There are 2 protein chains.
Amino acid sequence: MFHNKPISINPIGYVVTQAKDSEVRDKNIISQIIIFNEFIEALNGLEEFSHLYVLFWLDKISTKDLPLKVHPRGRKELPLVGVFATRSMFRPNPIGLTIVKIIKIENNVLFVRGLDAFNLSPVLDIKPYDFWDKNRDIRVPEWWNSLKTEKTSIVKEK
Amino acid sequence: MFHNKPISINPIGYVVTQAKDSEVRDKNIISQIIIFNEFIEALNGLEEFSHLYVLFWLDKISTKDLPLKVHPRGRKELPLVGVFATRSMFRPNPIGLTIVKIIKIENNVLFVRGLDAFNLSPVLDIKPYDFWDKNRDIRVPEWWNSLKTEKTSIVKEK
């Protein structure tokens, strides 16, 4: 029997970025993740990885009156699908999940490329990116394919 | 200026599995994810994806007196590294992140393969697995390589 109750999560740090609004989707952008000093020891050895999962909280998103179906990226020509079949920010628990490249780590500050989080977003967890995360034969819907180019370079590569 | 405060998250569902203890690491195991009825519409179109990220809460893990460094998988021959450089369950916010294969979806029940979550774990979010999550040239530490075989087949493949 499952007992449903809210879960309380304390952030481990937060995001610092100069990018505004849709600029955060620029995969070339370099952001900082400030990890709270109490966790600095937990970063030991992270510099040996090239990539990292960042789990962050989309605290700008209201979850009130949330539609359960959306047109991916708001594009009306794409089918209306459930939010759990999209990576939309507008979801019951707006947890962002993004793979970033580690540029450098200076004490408690991680410099990363490709984090699509707004300035001051709370960070919930960071995890190294794994072989197991990578080696998959995947199948996606037709509509997803039409987003592929868009997702990899919102802003022209420098 | 970042204002640090706890975040309250309501689960979207929970895990049902017959697997006990370390059996959950068997990548062949099939678990169920029960999505609460209020979100059933949000599942629309998910069946067109082969793989899914599951974000769940490791509610059996105490975060009191947590060590910030661990030997990966408790193996003393591996270096002592920060928990953020591992996928250890013992981390400040014990959020599980696992890619699973979708076997079938029946109403609000997702049958998935490879979910290493204990029975009745709260599920925080599910997201389709993306090209962008897959296509990476990655670098990992030497010690991580020694886990590679182990991680892919804890229990012999059937």
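The values are calculated or read from the model by the stated rules, or taken from the named source; none is laboratory data. Quantities reported herein were computed from a predicted structural model and do not represent experimental measurements. We place every Cβ from the backbone using ideal geometry, glycine too, and count neighbours over all the protein chains shown.
Can you find, within segment B:103-137, the residue that is farthest from B:Gln32 (Cα to Cα) among those that are at pLDDT below 80 and surrounded by fewer than 16 Cβ atoms within 10 Å (Cβ to Cβ)?
Among those that are at pLDDT below 80 and surrounded by fewer than 16 Cβ atoms within 10 Å (Cβ to Cβ), it is B:Asp137.
Please verify whether A:Val100 is more than 7 Å from chain B (Cβ to nearest Cβ) and of a type in the set (A, V, I, L, M), treating the condition exactly as stated.
yes
With A:Ile40, A:Ile35, A:Ile30 as the choices, which residue is among the β-branched types (Val, Ile, Thr) and more than 12 Å from chain B (Cβ to nearest Cβ)? Walk me through it before giving the result.
On the way: A:Ile40 fails: more than 12 Å from chain B (Cβ to nearest Cβ); A:Ile35 fails: more than 12 Å from chain B (Cβ to nearest Cβ).
Checking each option against the conditions leaves just A:Ile30.
Could you check segment B:1-24 and list, in sequence order, the residues that are in contact (Cβ under 8 Å) with a residue 60 or more places away in the chain and within 11 Å of chain A (Cβ to nearest Cβ)?
Selection gives B:Ile9, B:Pro11, B:Ile12, B:Gly13, B:Tyr14, B:Val15, B:Val16.
Within segment B:36-59, how many residues are in a loop (DSSP other than H, G, I, E, B) and either at negative phi or hydrophobic (A, V, I, L, M, F, W, C) (or both)?
6
Take segment A:1-39 and flag every residue that is more than 15 Å from the chain's Cα centre (by Cα) and more than 21 Å from A:Glu106 (Cα to Cα).
A:Met1, A:Phe2, A:His3, A:Asn4, A:Lys5, A:Pro6, A:Ile7, A:Ser8, A:Ile9, A:Asn10, A:Lys20
For segment A:19-63, which residues satisfy the criterion of being more than 27 Å from B:Val83 (Cβ to Cβ), touching a strand residue (DSSP E or B) at 6+ places or on another chain (Cβ under 9 Å) and surrounded by fewer than 18 Cβ atoms within 10 Å (Cβ to Cβ)?
Listed by number, the list holds a single entry, A:Asn28.
Does segment A:67-91 hold any residues that are in contact with a Phe, Trp or Tyr (Cβ under 6 Å, 6 or more places away or on another chain) and at the interface with another protein chain (Cβ under 9 Å from one of its Cβ atoms), and which are they?
The one that is in contact with a Phe, Trp or Tyr (Cβ under 6 Å, 6 or more places away or on another chain) and at the interface with another protein chain (Cβ under 9 Å from one of its Cβ atoms): A:Pro79.
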